[in-house]
1. Please count how many residues of the range 41-58 are at positive phi and in contact (Cβ under 8 Å) with a residue 24 or more places away in the chain.
2. Starting from the range 59-75, take each residue that is at positive phi and list its partners that are part of a strand (DSSP E or B) and surrounded by 14 or more Cβ atoms within 10 Å (Cβ to Cβ), counting only C-beta distances under 6 angstrom and pairs at least six apart or across chains.
3. In the range 47-61, what count of residues is obtained for those that are over 16 Å from residue 19 (Cβ atoms) and either exposed (fewer than 14 other Cβ atoms within 10 Å of the Cβ) or not aliphatic (A, V, I, L, M) (or both)?
4. Of all residues in the range 32-68, count the ones that are over 16 Å from residue 89 (Cα atoms) and either of a type in the set (Lys, Arg) or assigned to a strand (DSSP E or B) (or both).
5. For residues that are in a helix (DSSP H, G or I) and either aromatic (Phe, Trp, Tyr) or under 16 Å from residue 72 (Cβ atoms) (or both), tally how many sit in the range 93-107.
6. Find all pairs meeting these conditions: Cβ atoms under 7 angstrom apart; at least six residues apart or on different chains; first residue within the range 21-40 and on the phi > 0 side of the Ramachandran plot; second residue polar (S, T, N, Q).
7. Sort out which residues of the range 96-110 are surrounded by 11 or more Cβ atoms within 10 Å (Cβ to Cβ) and free of Cβ contacts under 8 Å to residues at least 60 places away in the same chain, and write them in order of number.
8. Restricting to the range 69-85, name every residue that is loosely packed, with under 11 Cβ neighbours inside 10 Å and in a loop (DSSP other than H, G, I, E, B).
Amino acid sequence: MKWCNDRKERSGAWRIKVTLMKRHAYSAPYGDLRLVNAGSVGMPYEDAPGAYWVLVRDGEPEHRRTEYDLEAAAERIRPTGWPIAERWLDENLLTVPTARDAAEFFEQQRSQR
């Protein structure tokens with residue numbers, strides 16, 4: 001994880017913390033920090049499939065999305081022998097859960113504890 005100064009903030013330079021593995025891209029202030037999550041390449045909780053990532057240029061995070069051939073990716077995963085490959089492909093790669101669907105699922109899981 002990398003820290004950098006964001007010179008756009010009028011109240012003075014503030015730091016950016018880029019996090020990974022949160023599945024959903026976001027950028028939010030937190031005290032004197034700006035928390036930025038890049039998103040996910042293989043399991044994004046977004047409204048469209050693709051690789052979600054962030055470019056930090058001159059201290060300013062830019063969220064990006066790159067489309068890729070989902071079926072070609074699935075064809076590379078299928079022969080691996082992974083026991084849950086087909087289910088995972090159907091539920092996470094070929095059909096992407098939206099951010100809302102993911103939030104509802106995790107809230108349901110939390111309430112069942």
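1. At the first step, the residues of the range 41-58 found to be at positive phi are 50, 58.
Within this subset, residues satisfying the condition of being in contact (Cβ under 8 Å) with a residue 24 or more places away in the chain are 58.
Final tally of qualifying residues: 1.
2. Pairs found: 59/4; 59/6.
3. Residues meeting the conditions: 8.
4. 18
5. 3
6. From the range 21-40, the pairs are 23/40.
7. 96, 97, 98, 101, 103, 104, 105, 106
8. 69, 81, 83, 84 - these are the residues of the range 69-85 that are loosely packed, with under 11 Cβ neighbours inside 10 Å and in a loop (DSSP other than H, G, I, E, B).
The values are calculated or read from the model by the stated rules, or taken from the named source; none is laboratory data. Computed from a prediction, not measured in an experiment: that's the story for all the values here. Cβ: placed from backbone, ideal geometry, glycine included. Neighbour counts: every protein chain shown.
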